[in-house]
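Just below is one structure, and these are the notes that go with it.
The values are calculated or read from the model by the stated rules, or taken from the named source; none is laboratory data. Predicted model only: the values in this text are computed from it and were never measured. As a convention, Cβ positions derive from the backbone with ideal geometry for all residues, glycine included, and neighbour counts pool all protein chains shown. Surface areas here come from the heavy atoms of the whole protein model, side chains and all, with no ligands, DNA or RNA. Shrake-Rupley method; radii C 1.70, N 1.55, O 1.52, S 1.80 Å.
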Amino acid sequence: MDLVVKNGRVITATDDYVADIGIQGGKIAAIGKDLSGKNVMDASGMLVFPGGVDVHTHLDMPFMGMVSADDFRTGTIAAASGGTTCLVDFAIQGKGQSLAEALATWKKKAEGKAVIDYGFHIAITDLPDTVLAEIPKVVEEGVTSFKLFMAYKGSLMVDDGTFFKTLVKAKECGALVSFHAENGEVLDVLIKKFLAEGKGDPIHHALSRPPKAEGEATGRGFALAEMANAPIYVVHLSCSEALDKVKMFRDRGLPVYAETCPQYLMLDIERYNEPNFGGAKYVMSPPLREKWNQDVLWDGLRNGYLQTVATDHCPFNFKGQKDKGKGDFSKIPNGAPSLETRMSLLFTEGVVKGRISINRFVEVFSTNPAKLFGLFPEKGTIAVGSDADLVIFDPKKEVTITQSLLHQNVDYTAFEGFRVKGYPVKTIVGGQLVIDNGKFVGKEGAGRYIKRKKFVGL
Ligand code: URP
Ligand code: ZN
Ligand code: ZN
């Protein structure tokens, strides 16, 4: 063996046992007792998890006249530091652009920089017949999921016809469609109304995007998928109104899937009232909701209506980016950093506080995202033949989340001051140590583009 991780408590979505893990050629080659190898890593007293899979990130993304602050080097170092070993980012198709161009642009952003493995969804914003015809080709190149926006009128938003056509074609090709669910037409009216009334502060970002607008769009997306006889995945679900739609469709046995994010589980609408324009740090879409929604989302995670926790990591600096929207919330770039803190926060708030089991934690953090997005069983589990993507996690390590601790290239964390119990101490990607006690020891560009497999469901 090239490396043996010894005596760790191995946790997957279904198992929990103490064993040695033998790694050869970047893969898990054996799991057992008394394994020996050229290199040995002692994991006694530690938990050993499959590396996290984050299927919702926006690295180096041009958006609202700015570019998100993490590129594929800083973003993937941050990911690895936080226990994520594979991410799926969004290649955004510009208006008039082909899907091939969008994919090539994003591959170029990542190549030579990423330190963990990565794939791409393509966000379709413009669908002439030539682009529709490209869908099968990019699926063969490993882009087996697409994203559609029901919001951001005038930039990313698509109409229901585009939505439906994409669903039909994606289904034919074995791909999954995901979507941003907010009624963009209603939001546009509300945004203009508040600004005309001189209400430009960050709280009006949230008030212009009511939960009902998310609930309506969630139900509409699901209804379109039902008409197209296609599976569908709603991203960054934030509120009870939207979860009700998930329940309604899943209870009818339809293949609808839903993701939430740490920010919706742990932060609430009061954040927008932070003084000195501090509320801008939380301007994201959908916005943070009233606190009671958090219990509803935890219930959804526990009982299976929500299948994944991703981050929607879309970092913009407070100084120089967020502050461009002083006096006009519609100019605050939407998005917040979350990639590096997903594991420790979800473990603490979920497992330590008794809201979800440790196996369920692995399922929503790693296994389900890998399964839904064509990465399983190479990613998302610890099994012979899987990629040796592992996180050695110290369940006793207590940390106060603060900006200076983190590797992400942005001047704040939305989770400043959160106390966590349990922290990733070593991250291994493809058998190589990438993070050692907070220090990046990997190689820039070692992350591989993963051609993802076609959709099979959970
Ligand atoms: O505010 C957000 N979520 N920004 C990123 C783009 C998106 O909507 O996912
Ligand atoms: Zn979105
Ligand atoms: Zn997003």
### Summary
From most to least accessible, 1.4 Å probe, no ligand or DNA/RNA atoms counted, S386, S155 line up as S155, S386
### Task
Determine the percent antiparallel among the DSSP beta bridges restricted to the range 51-372, to the nearest 5.
5
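Just add up the charged neighbours of P424: K/R +1, D/E -1, any other residue whose Cβ is under 14 Å from the Cβ of P424. Can you show the working numbers first?
Working: positive: R342, K396, K397, K421, K426, K439; negative: D54, E340, D389, D394, E398, D436.
Local charge sum for P424: 0.
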#### Entry: Helix-only mean residue ellipticity at 222 nm for the chain, each DSSP H run of n ≥ 4 adding -39500 (n - 2.57), per residue, nearest 500
-8000 deg cm²/dmol
### Query
Can you list, bin by bin at 10 Å, the percent of alpha carbon pairs in the range 320-458, starting at 0?
10, 31, 35, 19, 4, 0
### Query
What percentage of the solvent-accessible surface of the range 51-372, computed with a 1.4 Å probe over protein heavy atoms, is contributed by carbon and sulfur atoms?
53
### Query
Going toward the positive end of the dipole of the range 191-249, with +1 on Lys and Arg Cβ and -1 on Asp and Glu Cβ, which of A230, A217, M248 do you reach last?
A217
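Packing-wise, with mean Cβ within 10 Å as the measure, how do 156-162, 173-179, 394-400 rank, highest first?
So the order, starting with the most tightly packed, is 173-179, 156-162, 394-400.
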### Query
How much of H407 can a 1.4 Å solvent probe reach, expressed as accessible area in Å² and rounded to 10?
60
### Query
Hey, with R₀ at 30 Å, roughly what FRET efficiency would R302 and N39 work out to, going by the Cβ-Cβ distance, to 0.05?
0.15
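For the chain, calculate the relative contact order in percent as a whole number, restricting contacts to Cα pairs under 8 Å that are 6 or more residues apart. Before the final figure, lay out the partial values.
Details: 1144 pairs, mean separation 101.0, N = 458.
Over the chain, the number comes to 22 percent.
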### Alpha carbon centroid spacing (whole Å) that separates the range 351-366 from the range 240-313
17
### Radius ratio Rg over Rh of the range 37-192, counting only Cα atoms, Kirkwood formula for Rh
1.05
### Helix 72-81 vs. the chain, principal-axis angle (Cα, 0 to 90°, nearest 10)
60
### Summary
For the range 159-288, the Debye formula with one identical point scatterer on each Cα and no solvent gives log10 I(q)/I(0) at q = 0.13, 0.18, 0.22 Å⁻¹ as -0.58, -0.96, -1.22
### Task
Please give, to one decimal in nm, the separation of the simple spin-label points placed at E274 and K107, each 7 Å out from Cα toward the Cβ.
3.9
### Query
Can you give the angle from 0 to 90° between the axis of helix 184-196 and the longest principal axis of the chain, with both taken from C-alpha atoms, to the nearest 10?
70
### Query
Taking Cα atoms, how many degrees apart are the long axis of helix 211-228 and the longest axis of the chain, rounded to 10 and kept between 0 and 90?
80
#### Entry: Leading residue at positive end of dipole, the range 388-458 (Cβ point charges), from V456, H407, V420
V456
### Task
Could you please state, rounded to a whole Å, how far the C-alpha centre of the range 384-456 is from the C-alpha centre of the range 1-69?
10
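About the Cα centre of the range 325-421, what is the dipole size in debye to 20, counting +1 per Lys and Arg Cβ and -1 per Asp and Glu Cβ, all else neutral?
Working: 12 positive and 11 negative charges, 69 e Å.
Dipole about the Cα centre, nearest 20: 340 debye.
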#### Entry: Computed lengthening from K326 to K137, 0.36 nm per intervening residue step minus Cα-Cα distance
63.7 nm
### Message
Let me spell out the model: positive unit charges on the Cβ of Lys and Arg, negative unit charges on the Cβ of Asp and Glu, origin at the Cα centre of the chain. What dipole size does that give, in debye rounded to 20?
### Response
280
### Query
Which value, in Å² rounded to 10, gives the accessible area of Y118 with a 1.4 Å probe and all protein chains present?
10
### Query
For D436, what accessible area in Å² do you get when you roll a 1.4 Å probe over the heavy atoms of the protein chains, rounding to the nearest 10?
50
### Task
Mind giving me the nanometre distance, one decimal, between the label points for K451 and K199, set 7 Å out from Cα along Cα→Cβ?
5.3
#### Entry: Cα-projected label distance for K192 with D295, points at 7 Å along beta-carbon direction, nm
4.0
### Query
Size of the dipole of the range 278-378 about the Cα centre, Lys and Arg at +1 and Asp and Glu at -1 on the beta carbon, nothing else charged, in debye to 20?
300
### Task
Note the per residue figure in Å³ for the convex hull of the C-alpha positions in the chain.
122
### Task
Taking all protein chains together and a probe of 1.4 Å, list V351, V138 from the most accessible to the least accessible.
V351, V138
### Task
Calculate one ³J(HN,Hα) per residue across the range 443-454 by plugging θ = phi - 60° into the Karplus curve 6.51 cos²θ - 1.76 cosθ + 1.60, and present them in order as whole Hz with x for glycine and proline.
10, 4, x, 6, x, 10, 6, 9, 6, 7, 7, 5
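Could you do me a favour and compute the accessible area per residue for the chain, 1.4 Å probe, result in Å²? Provide the component values of the computation, followed by the final result.
Working: 16020 Å² over 458 residues.
Solvent-accessible surface per residue comes out at 35 Å².
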